Amino acid sequence: MNRRDFLKSALTIAAFAPVMKLAAGAMAAAGLAPKQEPPSKEKVSRRRYKDTDLTLPLLGFGLMRLPKLRPNDSKIDRVAAKKMIARAFASGVNYFDTAYMYHGGDSENFAGEALSDYPRESYLLASKMPVGMLKTPADTERIFREQLAKCRTGYFDFYLLHNLNRSSWPKAVKFKVWEFLRQQQKEGKIRKLGFSFHDTPEFLQTIVSAHEWDFAQIQLNYLDWTLYRSREQYEILTAKKIPIIIMEPLKGGMLARMNPEARRILHQADPHASIASWGIRYAASLPNVLCVLSGMSAADQVEDNIRTLSPLRELTEEEKKMLLGRVVSAERKSAAIACTGCRYCMPCPADVEIPKIFEIYNRYRARKNRDQFLREYRALGADCDASACVSCGACRSKCPQHLDIPKELAAIAKTFAALNKN
């Protein structure tokens, strides 16, 4: 599909009255009285799935980073999260992405609970088969049935083989996971069958050639366009006419924080745009992108994303050059660890708070605030900080970013020891 044909299919919904009405009711039930906070007139742009009547909002709601009751816990703040979903619905955001292991296994439960306030045909639900967790072929059917029950649905609109890579693909082949899911699709329990991917473009070629795929989900953002070889992945899928859903458009929030130099460049380019909006626009401006997932964890993130894509203002060529050139160069000076906070490495056998440690360290690298780093690092406790790593290596194969986590933790422990002496 070329750019012209795909852009012809891009559209902004002019009216979304049924969903607006449903959203208003859900907002009231969640404690948002319409008189106090009426549904917005903004409507998020939508893209058409190939040559069908199916459209997806350019903004998808990822249910992996929902607001939590406590910072270091996976328990979802259901009241806050439901308000966010109601607000999203009011703006036409009706694509929700969950998975078996998100929020300690509770994300699918929450999806079923929260979305049951809306008619099933009013939203699009995506979940995933955790290939890496399968022990026997029988686990495939057991987990799929469990997911349908947890999500309180008879079918998934979009369903994925989760996190396919060199390690998980042989198991998917051996256990005939695609074949099982294809049968579920024939029975109407899956509408669109695809996969999510974390590996090299060369291995992506192996997967796309193995089966017929309705869509694919890849990590793509302007920092990873060349670093993570996202451009090559995008081009492979586009050549195969496989529509793309984007994950990590902000690289786990890294492209919302950024260092002062990168922020200054973006602010000069547009003083009214949020730092995060540049990453969302970059991903959404690509013509073969159906939907950009955002793991929203706060109400202000929902609002900012809605503003950014209501409607989409595509990046100009000059803006693209700025992002891929000056902004990327400035951000790389921080030498941040490329952790997206996905928590696939957790739980750690030694109870090390891996994502939290990387978050604290990356903040230090960006801001050079020694006192803040020491304060936040000490708050972890000696039993959970980087020095508690026993280098067992259990985390290495689980990391979608392919980080050498024990090596990074050892370096952070040395940094803390050196700073702590002064």
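At pLDDT 95 or above, under 27 Å from Arg343 (Cβ atoms) and in contact with a strand residue (DSSP E or B) (Cβ under 9 Å, 6 or more places away or on another chain), is that true of Ile275? For Ile275, the condition - at pLDDT 95 or above, under 27 Å from Arg343 (Cβ atoms) and in contact with a strand residue (DSSP E or B) (Cβ under 9 Å, 6 or more places away or on another chain) - is not met. Annotation note: Cβ proximity below 7 Å between a residue of segment 349-367 that is at pLDDT below 80 and a residue that is hydroxyl-bearing (Ser, Thr, Tyr) (sequence gap 6+ or interchain) occurs for Arg365/Ser334; Ala366/Ser334.
Of all residues in segment 58-78, exactly one satisfies the criterion of being more than 18 Å from the chain's Cα centre (by Cα), over 23 Å from Asp351 (Cβ atoms) and outside any helix (DSSP H, G or I), namely Asp77. Considering only residues in segment 60-81 that are in contact with a helix residue (DSSP H, G or I) (Cβ under 6 Å, 6 or more places away or on another chain) and under 14 Å from Asp106 (Cβ atoms), the one that is modelled with the lowest pLDDT turns out to be Ser74.
Of all the listed residues (Asp139, Asp73, Asp106, Asp117), the sole one being in contact with a strand residue (DSSP E or B) (Cβ under 9 Å, 6 or more places away or on another chain) and among the charged types (D, E, K, R) is Asp106.
Considering (1) buried (at least 17 other Cβ atoms within 10 Å of the Cβ); (2) hydroxyl-bearing (Ser, Thr, Tyr); (3) in a helix (DSSP H, G or I), the lone condition that Ser209 does not fulfil carries the number (1). Annotation: Ile265 fulfils all but one of (1) modelled with pLDDT of 95 or more; (2) closer than 24 Å to Gly341 by Cβ; (3) of a type in the set (A, V, I, L, M); the unmet one is (2). Checked against the criterion of being over 26 Å from the mean Cα position of the chain (by Cα) and exposed (fewer than 14 other Cβ atoms within 10 Å of the Cβ), segment 396-406 has no qualifying residue.
Scanning segment 82-108 for residues that are closer than 11 Å to Gly62 by Cα, touching a helix residue (DSSP H, G or I) at 6+ places or on another chain (Cβ under 6 Å) and in a helix (DSSP H, G or I) gives a single hit, Ile85. Residues in segment 79-100 that are without any contact (Cβ under 8 Å) to a residue 60 or more places away in the chain and within 19 Å of the chain's Cα centre (by Cα): Ala81, Lys82, Ile85, Phe96, Thr98. Residue count for segment 109-124, restricted to those that are surrounded by 19 or more Cβ atoms within 10 Å (Cβ to Cβ) and either assigned to a helix (DSSP H, G or I) or outside the structural domain of Asn94 (by TED's automatic domain parsing) (or both): 4. Could you check, for segment 125-133, whether at least one of its residues is in contact with a helix residue (DSSP H, G or I) (Cβ under 6 Å, 6 or more places away or on another chain), of a type in the set (S, T, N, Q) and either surrounded by fewer than 16 Cβ atoms within 10 Å (Cβ to Cβ) or not in a loop (DSSP other than H, G, I, E, B) (or both)? Yes: one or more hits.
The values are calculated or read from the model by the stated rules, or taken from the named source; none is laboratory data. Worth saying up front: this structure is predicted, and the values here are computed from it rather than measured. A quick note on method: Cβ atoms are made from the backbone with ideal geometry, for glycine too, and the neighbour counts reach across all protein chains shown.
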